[in-house]
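Following: one structure in structure tokens, then a few remarks.
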Amino acid sequence: MTLADETATLLATMGVTLGAGDRAATSPIDGSVIGEVADCVDPGAVIADAHAAFLRWRSVPPPRRGELVRRLGEVLREHKDALGTLVSIEVGKVTSEGLGEVQEMIDICDFAVGLSRQLHGLTIATERPDHRMMETWHPLGVVGIVTAFNFPVAVWAWNAALALVCGDALVWKPSEKAPLTALAVQALFLEAARRFGDDAPNGLSGLVIGGRDAGETIVEDARVALVSATGSVPMGRAVGQRVAARFGRALLELGGNNAAIVRPSADLDLALTGVAFAAMGTAGQRCTTLRRLFVDDAAYDAFVPRLKSAYASVTVGDPRDDGVLVGPLIDEAAFDAMQAALDAARAIGGVVTGGERVERSGVYVRPALVEVPEHAGPVLAETFAPILYVLRCSDLDEAIALNNAVPQGLSSAIFTTDLREAEAFVAATGSDCGIANVNIGTSGAEIGGAFGGEKETGGGRESGSDAWRTYMRRATNTINYGRTLPLAQGVRFDL
Ligand code: UN1
């Protein structure tokens, strides 16, 4: 069976039949065309429908809204294998990661169902007699969701599951490199809405397939109260500024240049697996991918040669095959960017292990480990490919300073069994990232925590903890149940 046939079969199980369209979807597995999709002709109309849906949805009680998300989780469970396989075909993830991505969707649905009964505000002490002050959280509006190719469906779900229980409507602009998984998810959402029944208004979750113009329409439209965008720093800078210009709200999940520190006391077996998965997993194409490694002198000779052996032996190939841990890069441009970064690393004296093209159709490359003499040049940039820069660094304070010495601030990790070092790393004076881990790698976060990063990563938080608050508007209510009107701050206004 060709990949196109397999894709059509998988899509059919999820209720999608492809027709002819102006956009060719390809698979990085072999570069072949796996289907055609039509661009959305009128993104503004999708926004209008979502806005009309919001006006009704906001009045549906939150636990009932949670029931829709429960249905979505149910439908996703039923189609986990098909959707996970489609993720592997469309963006090249190895099987367990394709399935893991769908599991992440299911997990956030479960979280959001519980959340639908916990959208609580505060009661606040007031200085006035016979008054009560409280905080209420109300639905916000239409949430625009702009996603990247590397997590083509999970990032939609992080946003969608929360936004739906918060009473918002959705408009999704998926990556141009991953339209088919988006069509599948849209069909699964519609099935969930059908099972849920009549109080899911039409247009509650809109899909806008298209290019940059479609994204700009969402960013510019004042009916889109929140734009949640995942992608590059330049994209986020443009989106953030344009949304701010109309006083909209932006939730930005941008680049990472994530580091890990290996200390002398580290459990090196554990560190090896942690570093290898974080650096090579998903072919280095996660925003949480480990890109910089600071190894103490006392651990260097025991650790780095073992890591190099892991790089030399890891299986690169068709992501659906058993034993393959590293699938393809998304396209030729990713390969070119990787080679340019490796050349720049060599120019500063870096010694490169790996990085060669693997000859087969599609863009396959061996992950590269680069020992660099200094923290400079390409080390400071995020290259969306499997490159790990390794430096010797024996002073913990210096290693933490280097961890923080990049413009991005997404994820970070320390491998140590020394309690003081672990605490120093997660303290206020430690890692400046949104995610700081001890004895696990930088990637693979669970949905229960808030996900996101500081500095050029954009500052947004999605997923767990109290990230839901970004999807709602807060009202402070002061209620006077007395018979007089005492003013705050002792102000007198006697008529
Ligand atoms: C991303 O790469 O855009 O922590 C998100 C992780 C995943 C999410 C990555 N749960 O690696």
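See the values below:
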{"quantity": "The range 107-200: equivalent-ellipsoid semi-axes (sqrt of 5 x gyration tensor eigenvalues, Cα, Å)", "calculated": "34, 15, 11"}
{"quantity": "Cα Rg over Rh - the range 11-86, Kirkwood", "calculated": "1.08"}
{"quantity": "Protein accessible area in the chain, 1.4 Å probe - carbon and sulfur %", "calculated": "53"}
{"quantity": "Cα-derived Rg to Rh of the range 123-163, Kirkwood definition", "calculated": "1.36"}
{"quantity": "Degrees, to the nearest 10: 80-91 long Cα axis against longest axis of the chain", "calculated": "60"}
{"quantity": "Charge dipole magnitude, Cβ of K and R +1, D and E -1 - the chain, Cα centre, debye nearest 20", "calculated": "1680"}
{"quantity": "Relative packing of 157-164, 349-356, which averages over residues the other C-beta atoms within 10 Å, highest first", "calculated": "157-164, 349-356"}
{"quantity": "For the range 130-143, Karplus couplings with θ = phi - 60° (6.51, -1.76, 1.60), whole Hz, Gly/Pro x", "calculated": "6, 10, 9, 10, 8, 10, 10, 10, 10, x, 9, x, 8, 9"}
{"quantity": "Cross-link table Lys93/Lys173; Lys177/Lys308; Lys93/Lys177; Lys80/Lys177, entries beyond 24 Å C-alpha to C-alpha", "calculated": "Lys177/Lys308"}
{"quantity": "0 to 90° range, to nearest 10: angle between helix 233-245 axis and the chain longest Cα axis", "calculated": "10"}
{"quantity": "Chymotrypsin sites (Phe, Trp or Tyr not before Pro) within the range 222-305, DSSP loop, no more than 13 other Cβ atoms inside 10 Å", "calculated": "Phe247"}
{"quantity": "Cα centroid of the range 2-43 to Cα centroid of the range 323-338, whole Å", "calculated": "21"}
{"quantity": "Aspartates and glutamates with Cα under 15 Å of Lys455, excluding same-chain neighbours fewer than 8 positions away", "calculated": "Glu253, Glu382, Asp432"}
{"quantity": "Packing-based order for 233-244, 122-133, 408-419, using average beta carbon neighbours within 10 Å, highest first", "calculated": "408-419, 233-244, 122-133"}
{"quantity": "Nearest-ten-degree value, helix 3-13 long axis tilted from longest Cα axis of the chain", "calculated": "30"}
{"quantity": "Kirkwood-based Rg to Rh ratio, the range 358-495, C-alpha trace", "calculated": "1.23"}
{"quantity": "Unit charges at the beta carbon, dipole of the range 40-149: most positive-side option, Ala125, Leu72, Val41", "calculated": "Ala125"}
{"quantity": "Gain on full stretching of the segment that runs from Asp297 to Glu74 - 0.36 nm per residue minus C-alpha separation", "calculated": "75.2 nm"}
{"quantity": "Using distinct alpha-carbon pairs, which all enter the 1/r mean, Kirkwood radius of the range 1-145 in Å", "calculated": "18.7"}
{"quantity": "Computed [θ] at 222 nm, helices only, for the chain once each DSSP H run of length n ≥ 4 contributes -39500 (n - 2.57)", "calculated": "-12500 deg cm²/dmol"}
{"quantity": "Selection of chymotrypsin sites (Phe, Trp or Tyr not before Pro), the range 436-481, meeting DSSP coil and at most 14 other Cβ within 10 Å", "calculated": "Tyr481"}
{"quantity": "Cα→Cβ-extended label distance, 7 Å offset, between Asp22 and Arg420, nm", "calculated": "6.5"}
{"quantity": "Cα-only radius of gyration and Dmax that characterise the chain, units Å", "calculated": "24.2, 87"}
{"quantity": "Estimated FRET transfer efficiency (Arg360, Ala222; beta-carbon r; R0 60 Å; 0.05)", "calculated": "0.80"}
{"quantity": "Debye, to nearest 20: dipole size of the range 253-333, +1 on Lys, Arg Cβ, -1 on Asp, Glu Cβ", "calculated": "180"}
{"quantity": "Whole-number percent relative contact order across the chain, with pairs defined as alpha carbons under 8 Å at least 6 apart", "calculated": "18"}
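The values are calculated or read from the model by the stated rules, or taken from the named source; none is laboratory data. None of the values given here were measured: they were computed from a predicted structure. Glycine also receives a Cβ, built like all others from the backbone with ideal geometry; neighbour counts cover every protein chain displayed. For the accessible areas, the whole protein counts, side chains as well, though only heavy atoms, and no ligand, DNA or RNA atoms are used. Shrake-Rupley method; radii C 1.70, N 1.55, O 1.52, S 1.80 Å.
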